[in-house]
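The block underneath contains the structure these notes are about, expressed in structure tokens.
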Amino acid sequence: MAQRISLTDPRLSWAGAVSVEHINGWSMPWRIEHTQRRLFHTGLVERAAMPAGVRLTFRTNSTTLAGRVRTNGDAPVMDICSDGELMASISLLGTDAFSIEGLPADDKLIELWLPHFGQVRFHSLAIDEEASLSLHVDPQPRWITYGSSISQCRTAPTPTQTWPGIVARNYNLNLTCLGFGGQCHLDAMIARQIRDMAADMISLCVGINIYGNGSLNPRSFSPAILGFVQIVRESHPSTPIVLMSPIFSPEREETINSAGFTLVQMREDVQASVETLKSMGDENIHYVHGLDILGADLAHLLPDSLHPDAEGYRIMGERIGKLMVEQYFGQNMQHIT
């Protein structure tokens, strides 16, 4: 016999989710407040319904775990971790059931890293009949990262192998990933959302979607950055914020887009925006040059000249950790080797 756990049980935590929708027997995590989704662009709502970086967490001494979950991604994979150790990567393609046996018998933290692309709806969860179950209150520093598909990392093989997942696991950070494929346009609603969330550190990876869509031009891009940061600063006056410019993209470096921008110019504007904020007294704003994270020397890791492959995301995770976490987010961030 198994002990069935309601997905609304308060001993479960949806880490990395902004809200969770419970309806008609299923639970769906969102990366925006789902009751306010009409205030967001429809394309962003579609991406926010995908649980990149979201973990269903709890403590238990159960040696087995099973459940039913429906996905609509093209290759959905869920990672199961026990006290931070990856125990299994489970494909959900063509099935709505998963199970794992042989978990450690002592009390432990279980994290179900949900697929980072496609919607996910949980229907049931079960543990051993007599097993314990308790809430995990995460003491780790809370990190919010905002970006594009290069932060959502669709082409990463599993959720823990996205670059935000790599950084969070290497440095023991409580991750909220606001990587929205194609939808990182410095929306004011996202700035308000970050403003209203608890955070110990914030990173903003901006530019590539704005370049691709021509959604901002040389007149409006830097003011949009400044306004976005100032909204966030209303509730986070001294929280470390890192602004990162786009990584290398060979076809876009010197090519002028529909709004009159090249990627080279955009990087200059991101850096200039950081310098402006510093000159106005912001001592906790920092710049990371995208080419220091993935430059022309690694162009072979960009199969479509835009998105990194698995090795590219691994390198991004290592470099962002060293440049962002170790340098700007404090010496208390201990790297796990």
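The values are calculated or read from the model by the stated rules, or taken from the named source; none is laboratory data. What you are looking at is a predicted structure, and each value in this text was computed from that prediction instead of being measured. Don't worry about glycine lacking a Cβ; one is built from the backbone with ideal geometry, like all the others, and counts go over all protein chains shown. Remember, those area values only see protein heavy atoms, side chains included, never the ligands or the DNA or RNA. Shrake-Rupley method; radii C 1.70, N 1.55, O 1.52, S 1.80 Å.
Any idea which of (1) among the hydrophobic types (A, V, I, L, M, F, W, C); (2) closer than 17 Å to residue 145 by Cα; (3) in contact with a helix residue (DSSP H, G or I) (Cβ under 7 Å, 6 or more places away or on another chain); (4) outside any helix (DSSP H, G or I) is the one residue 216 doesn't satisfy?
The single condition residue 216 does not satisfy is (2).
Kindly check whether there is at least one residue in the range 12-26 that is in contact with a Leu (Cβ under 7 Å, 6 or more places away or on another chain), within 15 Å of residue 126 (Cα to Cα) and either β-branched (Val, Ile, Thr) or surrounded by fewer than 16 Cβ atoms within 10 Å (Cβ to Cβ) (or both).
No, the range 12-26 has no match at all.
Where residues in the range 190-200 are part of a helix (DSSP H, G or I) and touching a residue at least 40 places away in the same chain (Cβ under 8 Å), which of them is most open to solvent (accessible area, probe 1.4 Å)?
Selected residue: 195.
So that you can scan it fast, the table gives a plain yes or no per residue for (1) open to solvent by less than 40 Å² (accessible area, probe 1.4 Å); (2) β-branched (Val, Ile, Thr); (3) touching a Lys or Arg at 6+ places or on another chain (Cβ under 6 Å); (4) more than 20 Å from residue 271 (Cα to Cα):
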| position | (1), (2), (3), (4) |
| --- | --- |
| 175 | yes, no, no, yes |
| 179 | yes, no, no, yes |
| 182 | yes, no, no, yes |
| 202 | yes, yes, no, no |
| 205 | yes, no, no, no |
| 216 | yes, no, no, no |
| 223 | no, no, no, no |
| 244 | yes, no, no, no |
| 253 | yes, no, no, no |
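Taking the range 278-289 only, how many residues are under 20 Å from residue 306 (Cβ atoms) and surrounded by fewer than 20 Cβ atoms within 10 Å (Cβ to Cβ)?
1
Are any residues in the range 28-48 open to solvent by less than 20 Å² (accessible area, probe 1.4 Å), over 13 Å from residue 177 (Cβ atoms) and in contact with a Lys or Arg (Cβ under 8 Å, 6 or more places away or on another chain), and if so, which ones?
Passing the criteria: only 28.
For residue 330, only one of the following conditions fails: (1) modelled with pLDDT of 95 or more; (2) open to solvent by 20 Å² or more (accessible area, probe 1.4 Å); (3) farther than 19 Å from residue 253 by Cα. What is its number?
(1)
Checking residue 75 against (1) out of contact with any helix residue (DSSP H, G or I) (no Cβ under 7 Å at 6 or more places or on another chain); (2) modelled with pLDDT of 95 or more; (3) surrounded by fewer than 19 Cβ atoms within 10 Å (Cβ to Cβ), only one condition comes out false. Which one?
Tallying (1) out of contact with any helix residue (DSSP H, G or I) (no Cβ under 7 Å at 6 or more places or on another chain); (2) modelled with pLDDT of 95 or more; (3) surrounded by fewer than 19 Cβ atoms within 10 Å (Cβ to Cβ), residue 75 fails exactly one: (2).
One line per residue, one yes/no per condition, for (1) over 23 Å from the mean Cα position of the chain (by Cα); (2) without any contact (Cβ under 8 Å) to a residue 12 or more places away in the chain; (3) in a helix (DSSP H, G or I); (4) surrounded by fewer than 14 Cβ atoms within 10 Å (Cβ to Cβ):
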| residue | (1), (2), (3), (4) |
| --- | --- |
| 264 | yes, yes, yes, no |
| 269 | yes, no, yes, no |
| 276 | yes, no, yes, no |
| 291 | no, no, yes, no |
| 300 | yes, yes, yes, yes |
| 307 | no, no, no, no |
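In the range 23-75, how many residues are without any contact (Cβ under 8 Å) to a residue 60 or more places away in the chain and of a type in the set (A, V, I, L, M)?
Going through the range 23-75 one residue at a time, the tally reaches 4.
State whether one or more residues within the range 73-81 are part of a strand (DSSP E or B) and either among the polar types (S, T, N, Q) or in contact with a Lys or Arg (Cβ under 7 Å, 6 or more places away or on another chain) (or both).
Within the range 73-81, not a single residue is part of a strand (DSSP E or B) and either among the polar types (S, T, N, Q) or in contact with a Lys or Arg (Cβ under 7 Å, 6 or more places away or on another chain) (or both).
For the range 226-235, state whether one or more residues are in contact (Cβ under 8 Å) with a residue 40 or more places away in the chain, under 21 Å from residue 143 (Cβ atoms), open to solvent by 20 Å² or more (accessible area, probe 1.4 Å) and of a type in the set (Lys, Arg).
yes
For residue 90, state whether it is among the hydrophobic types (A, V, I, L, M, F, W, C) and in a helix (DSSP H, G or I).
It is false that residue 90 is among the hydrophobic types (A, V, I, L, M, F, W, C) and in a helix (DSSP H, G or I).
Quick one: how many residues across the range 266-291 are under 17 Å from residue 186 (Cβ atoms) and touching a Pro at 6+ places or on another chain (Cβ under 7 Å)?
So the count comes out to 3.
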